[in-house]
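Colleague: My questions all concern the structure below.
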Amino acid sequence: MTAIFALITLIGLFIIELIYFKIADHYNIIDQPNHRSSHSSVTIRGGGIIFGVAGLISFFLFGFHYLFFSIGLFLIALISFLDDMHTLNNKVRLLVHGLSVLLLFVQLDVVYFPWYFTAIAAVVVIGTINAYNFMDGINGITGGYSLLLLGTLYYINEEMVDFTSPELLITVMISLLVFNLFNFRKKAKCFAGDVGSVSIAFIIVFLLGQLIFKTQNPVYILFLLMYGLDTVTTIFFRLIRKENIFKAHRSHFYQFLANEKKWPQLVVVALYLVVQLLINLVTLFIIQANLLSALLLMLICSVVFIILRFRVEGREHLFNLKLSND
């Protein structure tokens, strides 16, 4: 992709985002603040629609690469957008997610693995996509984290191993830049919505899958470590508190920092990005393909993160001891 074409893509996606704002405003596709929200004003929902649009633009303009992935991206973006407009039945949403993941697996040739591997991989991928969606709770976190991850993948693709289409990477990165113009700010103009967080998660899973299968190196999963730690520990503590883990909440650590500790949202995002950047650098230049070192880093980060949650949130909050004592 030339610099001129990249500029045209940037302008085009910017215009598409502005057009979507008009449509969303007309059809009342907005996010009303409630007791779980980290915002206090009505905000346009679904601004992340341009992530899926960018992926499809890459398919049509750059050689029709990755047909099955593109169909899966379209389906999962469509069902997520409809869910943003009107809450859909979970079974319908899960069915479309499953179909999209199956198409993703066809693109990655995962379907030719033993059935049990495919079944486990499907659970992991759907879980990852939903976890990415759950982590979309404050301004800048989805756009910032995703841009960092795709920037890392772009560096690998250019400097280390050619594993995917650079046009796909650049186009989606441009869409993230456009989205961040409206979301990575103190008062966001728009939120990603399910269509945004689910679509970008689907794209990221595909790109990571390509990289891992091309290099036969699973340590690259560490690029999702901060999101993984927050999600897994939150699920663990919610299970301890006997909460329904499928019910909406704001129990993530980043939400506690932003909502309870009143840290500025962009400061919380910056903290997550800096730590994840350090993890990415250690993975690329120190761990490389050493699986044992990767597991050790994961263990150290897990212990530190759990200790940090206890120190900042406290046992009473994490285990809901006050409510139990009452």
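The values are calculated or read from the model by the stated rules, or taken from the named source; none is laboratory data. Since this is a predicted model, take the numbers as computed values, not measurements. Because the Cβ atoms are built from the backbone with ideal geometry, glycine has one as well, and the counts that use them run over all protein chains shown. When the accessible area is computed, the model is the full protein with side chains, heavy atoms only, and any ligands, DNA or RNA have been set aside. Shrake-Rupley method; radii C 1.70, N 1.55, O 1.52, S 1.80 Å.
Colleague: Considering only helices (runs of 4 or more DSSP H) fully contained in region 241-326, which possess at least 2 residues that are hydrophobic (A, V, I, L, M, F, W, C) and surrounded by 12 or more Cβ atoms within 10 Å (Cβ to Cβ)?
Modeller: In region 241-326, the matching helices (runs of 4 or more DSSP H) lie at 265-282, 291-313, 315-319.
Colleague: Could you run through region 100-126 and say how many residues are within 19 Å of the chain's Cα centre (by Cα) and touching a residue at least 60 places away in the same chain (Cβ under 8 Å)?
Modeller: Total satisfying the criteria: 3.
Colleague: Could you tell me whether region 135-147 includes any residue that is over 16 Å from Leu207 (Cβ atoms), acidic (Asp, Glu) and open to solvent by less than 30 Å² (accessible area, probe 1.4 Å)?
Modeller: No, region 135-147 contains no residue that is over 16 Å from Leu207 (Cβ atoms), acidic (Asp, Glu) and open to solvent by less than 30 Å² (accessible area, probe 1.4 Å).
Colleague: Does region 68-81 contain any residue that is modelled with pLDDT under 95, assigned to a helix (DSSP H, G or I) and among the hydrophobic types (A, V, I, L, M, F, W, C)?
Modeller: no
Colleague: Only one residue in Leu207, Leu176 is closer than 22 Å to Leu278 by Cβ, touching a Gly at 6+ places or on another chain (Cβ under 6 Å) and buried (at least 20 other Cβ atoms within 10 Å of the Cβ), so which one is that?
Modeller: Sole residue among the options that is closer than 22 Å to Leu278 by Cβ, touching a Gly at 6+ places or on another chain (Cβ under 6 Å) and buried (at least 20 other Cβ atoms within 10 Å of the Cβ): Leu176.
Colleague: What single numbered condition from (1) over 23 Å from Phe182 (Cα atoms); (2) open to solvent by 50 Å² or more (accessible area, probe 1.4 Å); (3) within 22 Å of the chain's Cα centre (by Cα) fails to hold for Ser70?
Modeller: Unmet condition: (2).
Colleague: Spot the failing condition for His65; the list is (1) touching a residue at least 40 places away in the same chain (Cβ under 8 Å); (2) open to solvent by 40 Å² or more (accessible area, probe 1.4 Å); (3) assigned to a helix (DSSP H, G or I), and only one is missed.
Modeller: (3)
Colleague: Within region 221-237, which residues are farther than 21 Å from Leu271 by Cα and either open to solvent by less than 10 Å² (accessible area, probe 1.4 Å) or in contact (Cβ under 8 Å) with a residue 24 or more places away in the chain (or both)?
Modeller: Selection gives Phe237 alone.
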